[in-house]
Amino acid sequence: MQQYLEIRDVHAREILDSRGNPTVEASVIVLNHGDGQLYEGLADVPSGASTGKFEAVELRDGETRYFGLGVQHAVKNVNEKIASVLIGRNALEQILIDRILMETDGTENKGNLGANATLSVSMAVAKAAATALNLSLYRYLGGIAPRLLPVPMMNILNGGRHAANTVDFQEFMIMPVQAETFADGLKICAEIYHNLKKILQDRNLSTGVGDEGGFAPDLPDAESVLTLIVEAVEAAGYTPGQDIKIAMDAASSELYNEKTGMYHFPGESKQKGQEVVRNTEDMICYYEQLVEQFPIVSIEDGLAEEDWDGWKELTARLGESVQLVGDDLFVTNTKRLDAGIKLQVANAILVKVNQIGTLSEAFEAVEMAHKNGYKAIISHRSGETEDTTIADIAVALNTGQIKTGAPCRSDRVAKYNRLLRIEEELEQAAQYMEPFKKI
């Protein structure tokens, strides 16, 4: 007889994220008919600042409270519309639950209920089921397969929409590709982070941090950022290009001007005293120069989300040597990913569960990527919470890579600490660094 975890209650509330803005938290209570006990799953939804225009809708109230960013309408949708269709359902049927959420919303982009409403419940159902079965979330989601601890793409310097500085590209990250374990990799990254702070202090540069915990000094261009990172790696006693590779998130959709068809660099323009603009060819050449000069192994959103021709050229020129990640390009959406695969565009997808609105859809994106030889990176958002679900997802799906910020701010560190616990729990079964064995 099939085990039955009856959903007895679905309730949401408005809480705050790491930027002090409202987001949705959902609680799902299930009754385990096997032992007669009630179990709760609690899930918080993150929120992005640099968002792709094809992302699922994050429902905001648009009223005066919280400068229009309240989520009371999304909360109401959970407490009334979603609760009414899920109470009594079996929490073990995650795919069916998510399908009901999609059908109840009835739109392609979760525009009726809000992706923040649907995702909060989708995650909470999974967490309630895992708790009721006395399983770790990664084990519940991945079965017997989970073994791979992800290489952290650790943000150590912020720019773009995530910081109030002159750095135009959004994230500069380090990847400890020669570490023996996740714990060792985390230690290495933290040591480099603290060495970077000392270098910035010695040069009277700001050590204030951006939304994701990376330092946010005013610097003239990407080369100056990358030079500082290389110095910090060496100061920590590691070898750039061997022990540590560098990853970048250009977030170039934020730089692209549709009217001019050009990429505008306001911070670089300010620092250099003249307007700096680049066309698609200039951008590709710029990346080629940076890759030649620095140990860059991954570039995210190198071109704008609708510059498909440019992406095709970028992939042809750099795709054999560099991981080219689609974030705004793919927005965790299998339709857009399928289009990219057919066009031979990019070679990796960034997976953000709130871009699509249910766990099942995010998992489908990872599955499609892996089947077609694309890598998948599980990612946080710039507005985060203490929820650690993405750490479990990265291990459950053996993605081998995770983006979850700097070793600073508890909303980021919570995910790293969760991965430390998972690695300890997996013991000898734990593996690390598989995606980058050949790099």
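Do we have any residue at all in segment 321-334 that's open to solvent by less than 10 Å² (accessible area, probe 1.4 Å), over 22 Å from N158 (Cα atoms) and of a type in the set (G, A, S)? Steps first, please.
The first filter runs over segment 321-334 and keeps only residues open to solvent by less than 10 Å² (accessible area, probe 1.4 Å), leaving 322, 324-332.
Remaining after also requiring over 22 Å from N158 (Cα atoms): 330, 332.
Now drop any that are not of a type in the set (G, A, S), which leaves none.
Looking through segment 321-334, none of the residues is open to solvent by less than 10 Å² (accessible area, probe 1.4 Å), over 22 Å from N158 (Cα atoms) and of a type in the set (G, A, S).
Here is a yes/no grid of residues against (1) at pLDDT 95 or above; (2) over 21 Å from the mean Cα position of the chain (by Cα); (3) surrounded by fewer than 20 Cβ atoms within 10 Å (Cβ to Cβ):
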{"site": "A126", "(1), (2), (3)": "yes, no, no"}
{"site": "A132", "(1), (2), (3)": "yes, yes, no"}
{"site": "L135", "(1), (2), (3)": "yes, yes, yes"}
{"site": "Y138", "(1), (2), (3)": "yes, no, no"}
{"site": "G143", "(1), (2), (3)": "yes, yes, yes"}
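Say we look at segment 280-317 and pick out the residues that are part of a loop (DSSP other than H, G, I, E, B) and more than 22 Å from T239 (Cβ to Cβ); which of these is most open to solvent (accessible area, probe 1.4 Å)?
Of everything passing the filter in segment 280-317, E306 is most open to solvent (accessible area, probe 1.4 Å).
Looking at this structure, is E231 open to solvent by 40 Å² or more (accessible area, probe 1.4 Å) and closer than 30 Å to H194 by Cα?
On the way: open to solvent by 40 Å² or more (accessible area, probe 1.4 Å): yes; closer than 30 Å to H194 by Cα: yes.
So E231 fits the description; yes.
Among all residue pairs at least 6 apart or on different chains, which show Cβ distances below 9 Å where the first residue, located in segment 270-299, is free of Cβ contacts under 8 Å to residues at least 40 places away in the same chain and under 19 Å from A346 (Cα atoms) and the second is surrounded by fewer than 18 Cβ atoms within 10 Å (Cβ to Cβ) and of a type in the set (S, T, Y)?
Every condition considered, the pairs that remain are V291/S321.
Can you go through S360, S382 and tell me which one is modelled with pLDDT under 95 and either out of contact with any Pro (no Cβ under 9 Å at 6 or more places or on another chain) or closer than 25 Å to Y193 by Cα (or both)? Give the steps one after another, and end with the answer.
Details: S360 fails: modelled with pLDDT under 95.
So the residue among S360, S382 that is modelled with pLDDT under 95 and either out of contact with any Pro (no Cβ under 9 Å at 6 or more places or on another chain) or closer than 25 Å to Y193 by Cα (or both) is S382.
Okay, residues lined up against (1) free of Cβ contacts under 8 Å to residues at least 24 places away in the same chain; (2) within 22 Å of L141 (Cβ to Cβ); (3) open to solvent by 20 Å² or more (accessible area, probe 1.4 Å); (4) of a type in the set (D, E):
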position	(1), (2), (3), (4)
L5	no, yes, no, no
H11	no, no, yes, no
S18	no, no, yes, no
S47	no, no, no, no
E55	no, no, yes, yes
G68	yes, no, no, no
G111	no, no, yes, no
S120	no, yes, no, no
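State whether the residues of segment 197-215 include one that is open to solvent by less than 30 Å² (accessible area, probe 1.4 Å), under 30 Å from L149 (Cα atoms) and assigned to a helix (DSSP H, G or I).
No - not one qualifying residue is present in segment 197-215.
What helices (runs of 4 or more DSSP H) lie completely within segment 43-111 and have 2 or more residues being at positive phi?
Hits in segment 43-111: none.
In segment 318-328, how many are in a loop (DSSP other than H, G, I, E, B) and either under 22 Å from the mean Cα position of the chain (by Cα) or basic (K, R) (or both)?
Selection size over segment 318-328: 4.
The values are calculated or read from the model by the stated rules, or taken from the named source; none is laboratory data. Computed from a predicted structure; not experimentally measured. Because the Cβ atoms are built from the backbone with ideal geometry, glycine has one as well, and the counts that use them run over all protein chains shown. Heads up: the accessible areas ignore ligands, DNA and RNA and are worked out on the full protein's heavy atoms, side chains in. Shrake-Rupley method; radii C 1.70, N 1.55, O 1.52, S 1.80 Å.
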